[in-house]
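The block underneath contains the structure these notes are about, expressed in structure tokens.
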Amino acid sequence: MSAAIFQTLAAMAGDPRRLEPGESLFRQGDPVSSLFAVQSGMFRLVRYGAGGDAVVLQQARGGDTVAEASIYSDVYHCSAECVAAGSVLSVPAARFRERLRSDPAFAEEWTRYLARSIQNARARSEILAARTIEERLARWRAWFGDLPEKGQWKELAVEIGVTPEALYRALARGRRSG
């Protein structure tokens, strides 16, 4: 997200909220109250099915937003869970919608941000459609560049839809084969 958007959201928000791993920002089915801008840490958006199965929809880090797709909904359609300790800014939904209506420059910048978010979501869909881990890694690299640092491989595994152990084995095979 651009610095201008983040500054605008920060000006509309209250005090930052600090969360620890395992805490929920909101739960699927809760009434929509806010859009959230992540200052630090990592938050995972998860949608739970009727049978309890979970699908990770997004991993949001500093500079990302959470719940932007719910801003015109009555309830959140997924849950936001803290994965790595961090803080978020809470922007009241009504205040955010009013800003979109009253500030065309902000609305246009926000539209650009959402377009990039859609492109990234499509990239994740393309990655998850690959049959092998190696193919998923190749597609991930094509979209996002270099692999993250070793300490973030567990999150990468979740993002590409494999177990951490399977990812580690695939990376080791890649190193051995050159």
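Does the range 122-137 contain at least one residue that is of a type outside the set (Gly, Ala, Ser), closer than 27 Å to Thr8 by Cβ and loosely packed, with under 13 Cβ neighbours inside 10 Å?
Taking every residue of the range 122-137 in turn, at least one turns out to be of a type outside the set (Gly, Ala, Ser), closer than 27 Å to Thr8 by Cβ and loosely packed, with under 13 Cβ neighbours inside 10 Å.
What pairs can you find where one residue is in the range 129-143 and in contact (Cβ under 8 Å) with a residue 24 or more places away in the chain, the other is open to solvent by 70 Å² or more (accessible area, probe 1.4 Å), and their Cβ atoms are less than 7 Å apart, with a gap of 6+ or different chains?
Short answer, once both residue conditions are applied: none.
Could you tell me which of the residues Gly41, Gly22 is open to solvent by 10 Å² or more (accessible area, probe 1.4 Å), part of a strand (DSSP E or B) and either closer than 28 Å to Ala157 by Cβ or free of Cβ contacts under 8 Å to residues at least 60 places away in the same chain (or both)?
It is Gly41.
Condition check: in a helix (DSSP H, G or I), on the phi < 0 side of the Ramachandran plot, open to solvent by 70 Å² or more (accessible area, probe 1.4 Å) and touching a residue at least 12 places away in the same chain (Cβ under 8 Å). Does Glu165 satisfy that?
In short, no.
Please enumerate the residues belonging to the range 44-82 that are of a type in the set (A, V, I, L, M), open to solvent by 20 Å² or more (accessible area, probe 1.4 Å) and over 29 Å from Trp153 (Cβ atoms).
Matches in the range 44-82: Ala50, Val75.
In the range 2-14, which residues are in a loop (DSSP other than H, G, I, E, B) and modelled with pLDDT under 95?
Within the range 2-14, Ser2, Gly14 qualify.
The values are calculated or read from the model by the stated rules, or taken from the named source; none is laboratory data. Nothing here was measured: the structure is a model prediction, and the numbers come from that model. Quick reminder, even Gly has a Cβ in these numbers, built from the backbone with ideal geometry, and neighbours come from all protein chains shown. Quick note on the areas: whole protein, heavy atoms, side chains included, nothing else; ligands and nucleic acids left out. Shrake-Rupley method; radii C 1.70, N 1.55, O 1.52, S 1.80 Å.
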